[in-house]
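Here's the structure we're looking at; comments come further down.
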Amino acid sequence: MRLTRDLGRNAFSRGCPAQGAELAEDLERLCALHGPDTIAAVIVEPLAGATGVLPPPVGYLQKLREICDRHGILLIFDEVISGFGRLGGATAAEVLGVTPDIMTLAKGLTNAAVPMGAVAVRDTIYEAALENAKTPIELFHGYTYSGHPLAAAAGLATLEIYAEEQLFQRAAAMAPVMEAAAHSLRGRPHVIDVRNLGLVVGIELAARPGKPGARGKDALMTAGGEALMIRAAGDVIALSPPLIISEDQIGEIFDILSRLLDRLD
Ligand SMILES: Cc1ncc(COP(=O)(O)O)c(C=O)c1O
């Protein structure tokens, strides 16, 4: 199955375009129920991270875009996790071939070294905000640390390094290695699903009866003892390594995970 690029083995767990479209039709149903003029915007995380690494079903974001266009609703992508290389491109929008009207960004913007967030908007939105602004300052709202020089310097330096070291391309090149390693865990103890997009991987473990999240938490603690930092989103082991990761290091991560799965109750 293809979007703008081959999504490999993961295409299976992302369903088919009909399923993605069906999911997006929920928005159409909400429009029919409440009236599209009552809906200003739809905000989605193109790849849901903290909820357990959920890549979008094939066709889902495209269909959302179509419905938003039909009804004049703004489409907002929260790219705080997916932005800046993790999916093997500058943004999920680029990788998945769907352009939102507004995009929120943070984390990778400064390599998370200094706190900074950003909102990117289409020219038309920016111009509308400027033209309608009652004061010369657009979107008038003040933060103590707006445009902080240290954060801006970190952001500029980070963007320069991404470009100089071609780190988004590197992430794209490492993605199939990550994918193969992740999917090699299929069939291992407790593993009920493996999902991936770019360098982001989710390994879903069966929940212990009556104790959702307990097995994931144990995995997190055990990995820590093996000098591997993972994130547990409930019972999903979430991996999102630095863009400079090497093939050997990917092998090391999955060796540790493999041992961990053998030991986990
Ligand atoms: C997808 C997503 N959106 C938004 C946020 C919040 O971002 P910030 O803390 O920069 O406001 C987070 C934080 O982890 C996140 O993962």
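Things worth noting here:
- The range 8-164: C-alpha gyration tensor shape, a/c 1.5 cut-off, then a/b vs b/c: oblate
- Among beta bridges that DSSP assigns inside the chain, antiparallel share in %, nearest 5: 75 percent
- The range 49-117, accessible surface, carbon-and-sulfur percent (1.4 angstrom probe): 58 percent
- Gain upon complete extension [residue 217, residue 146; 0.36 nm per residue less C-alpha separation]: 21.9 nm
- Relative to its Kirkwood radius, the Cα radius of gyration of the chain gives an Rg/Rh of 1.00.
- Working ranking of peptides 52-61, 119-128 by packing, defined as the average number of other Cβ atoms within 10 Å per residue, highest first, is 52-61, 119-128.
- Between 0 and 90 degrees, the angle of helix 167-183 with respect to the longest Cα principal axis of the chain falls at about 40 degrees.
- Residues of the chain: accessible area per residue with a 1.4 Å probe, Å²: 53 Å²
- Across the range 167-263, Cα pairs under 8 Å and at least six residues apart give a relative contact order of 30 percent.
- Paramagnetic label zone (point 7 Å from Cα along Cα-to-C-beta, residue 51; backbone N under 14 Å) in the range 195-226: none
- Structure-based [θ]222 nm, the chain - -39500 (n - 2.57) summed over DSSP H runs of at least 4, per residue, nearest 500: -13000 deg cm²/dmol
- Using 0.36 nm per residue and subtracting the Cα-Cα separation, the extra length available between residue 122 and residue 192 on full extension is 21.2 nm.
- Ranked packing of 74-82, 172-180, most packed first, by mean Cβ within 10 Å: 74-82, 172-180
- Over the C-alpha trace of the range 144-245, radius of gyration and Dmax come out as 17.4, 51 angstrom.
- Percent carbon-and-sulfur accessible area, the range 145-202, ignoring ligands, DNA and RNA, probe 1.4 Å: 63 percent
- Cα centroid separation - the range 29-62 against the range 119-197, whole Å: 19 Å
- Where labels lie 7 Å past Cα in the beta-carbon direction, separation of residue 26 and residue 263 in nm: 3.9 nm
The values are calculated or read from the model by the stated rules, or taken from the named source; none is laboratory data. What you see is a predicted model; the values in this text were computed from it and never measured. Note that we place each Cβ from the backbone using ideal geometry, even for glycine, and neighbour counts take in every protein chain shown. Just so you know, the surface numbers come from the protein's heavy atoms only, side chains and all, with ligands and any DNA or RNA stripped out. Shrake-Rupley method; radii C 1.70, N 1.55, O 1.52, S 1.80 Å.
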